[in-house]
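J.: Supplied in structure tokens, the structure appears directly below.
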Amino acid sequence: MRKYVGFLFALVILCQPITVQANSLSYIVPEEVDGIPTEISQNAEIIGHEFNICPELLEAIAYYESNYQSTAKNGPCKGLMQVNAHIHKDRFIEAGWSEKDWADAYKNMYVAASYLHDLFVEYEDVAEVLYLYNGDKTSLEKYRSSGYLSRYVQSVLTKSEELERAHGK
């Protein structure tokens with residue numbers, strides 16, 4: 001009986017998932033979590049770390065911009081993060097890519113994070129950054145005068161907070 005209990009204990013211990021941290025990232029996603037494809041979560045961790053942007057904010061933007069679809073298109077805005085490849089052509093080129101790489105989830109998120117980082121440096125306030133990222137300057141003025149949050153900004157912030165809690169932050 002004692003051997004059987006010891007075997008069960010070892011089996012339970014050995015079958016537990018192992019969480020590993022690499023390069024000071026806060027977490028590595030072993031599989032799809034909260035409906036976010038693994039590749040997108042991992043990209044958000046790496047890119048967020050590089051640009052000092054909360055990975056969950058990048059994930060939330062990707063959700064509301066494209067529902068995590070790297071080939072999404074909406075007028076001139078394309079890809080996972082709905083980057084305007086023409087406006088941000090220089091960001092693609094600076095990273096060593098072409099604006100034709102917009103459908104690559106990593107490259108699209110990287111260019112978006114580069115833009116978000118520049119916005120954070122200038123504006124600091126996450127709501128203002130999201131208004132500008134979304135191209136909603138009219139509502140930005142309303143936010144500045146009254147604290148009004150658009151549906152987009154409110155949704156992204158709420159999703160980001162939910163993801164942070166789910167990731168133990």
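J.: Scanning for something over 13 Å from the mean Cα position of the chain (by Cα), surrounded by fewer than 18 Cβ atoms within 10 Å (Cβ to Cβ) and more than 20 Å from residue 48 (Cβ to Cβ), does segment 115-126 turn up at least one residue?
T.: No, there is no match, as no residue in segment 115-126 is over 13 Å from the mean Cα position of the chain (by Cα), surrounded by fewer than 18 Cβ atoms within 10 Å (Cβ to Cβ) and more than 20 Å from residue 48 (Cβ to Cβ).
J.: Taking residue 71 as meeting all but one of (1) under 21 Å from residue 35 (Cβ atoms); (2) touching a Leu at 6+ places or on another chain (Cβ under 8 Å); (3) free of Cβ contacts under 8 Å to residues at least 60 places away in the same chain; (4) not charged (D, E, K, R), write down the number of the exception.
T.: The single condition residue 71 does not satisfy is (2).
J.: Please work out which residue is surrounded by the fewest Cβ atoms within 10 Å (Cβ to Cβ), limiting yourself to segment 137-156 and to residues that are touching a helix residue (DSSP H, G or I) at 6+ places or on another chain (Cβ under 7 Å) and closer than 21 Å to residue 54 by Cβ.
T.: 155
J.: Next question, about the same structure. So in segment 84-112, with the set limited to residues that are in a loop (DSSP other than H, G, I, E, B) and not small (Gly, Ala, Ser), which one is farthest from residue 134 (Cα to Cα)?
T.: So, considering only residues that are in a loop (DSSP other than H, G, I, E, B) and not small (Gly, Ala, Ser), the one farthest from residue 134 (Cα to Cα) is 97.
J.: Follow-up. For segment 127-169, which positions are of a type in the set (A, V, I, L, M, F, W, C), touching a Phe, Trp or Tyr at 6+ places or on another chain (Cβ under 8 Å) and in a helix (DSSP H, G or I)?
T.: 127, 129, 130, 132, 140, 153, 156 - these are the residues of segment 127-169 that are of a type in the set (A, V, I, L, M, F, W, C), touching a Phe, Trp or Tyr at 6+ places or on another chain (Cβ under 8 Å) and in a helix (DSSP H, G or I).
J.: Now, a different point. Quick check on this structure: which one of 163, 80 is surrounded by 15 or more Cβ atoms within 10 Å (Cβ to Cβ), in contact with a Ser or Thr (Cβ under 6 Å, 6 or more places away or on another chain) and not hydroxyl-bearing (Ser, Thr, Tyr)?
T.: Result: 80 is the single residue among 163, 80 that is surrounded by 15 or more Cβ atoms within 10 Å (Cβ to Cβ), in contact with a Ser or Thr (Cβ under 6 Å, 6 or more places away or on another chain) and not hydroxyl-bearing (Ser, Thr, Tyr).
J.: Let me ask you something else. Taking segment 64-114, which residues are among the basic types (Lys, Arg) and either more than 21 Å from residue 49 (Cβ to Cβ) or more than 14 Å from the chain's Cα centre (by Cα) (or both)?
T.: 73, 78, 89, 91, 100
J.: Have a look at 144, 151 and point out the one that is more than 18 Å from the chain's Cα centre (by Cα) and more than 21 Å from residue 66 (Cα to Cα).
T.: 144
J.: With the condition kept exactly as written, say whether any residue in segment 138-153 is on the phi > 0 side of the Ramachandran plot, at pLDDT below 95 and of a type in the set (Gly, Ala, Ser).
T.: Within segment 138-153, one or more residues are on the phi > 0 side of the Ramachandran plot, at pLDDT below 95 and of a type in the set (Gly, Ala, Ser).
The values are calculated or read from the model by the stated rules, or taken from the named source; none is laboratory data. Because the structure is predicted, anything quoted here is derived from the model rather than measured. Note that we place each Cβ from the backbone using ideal geometry, even for glycine, and neighbour counts take in every protein chain shown.
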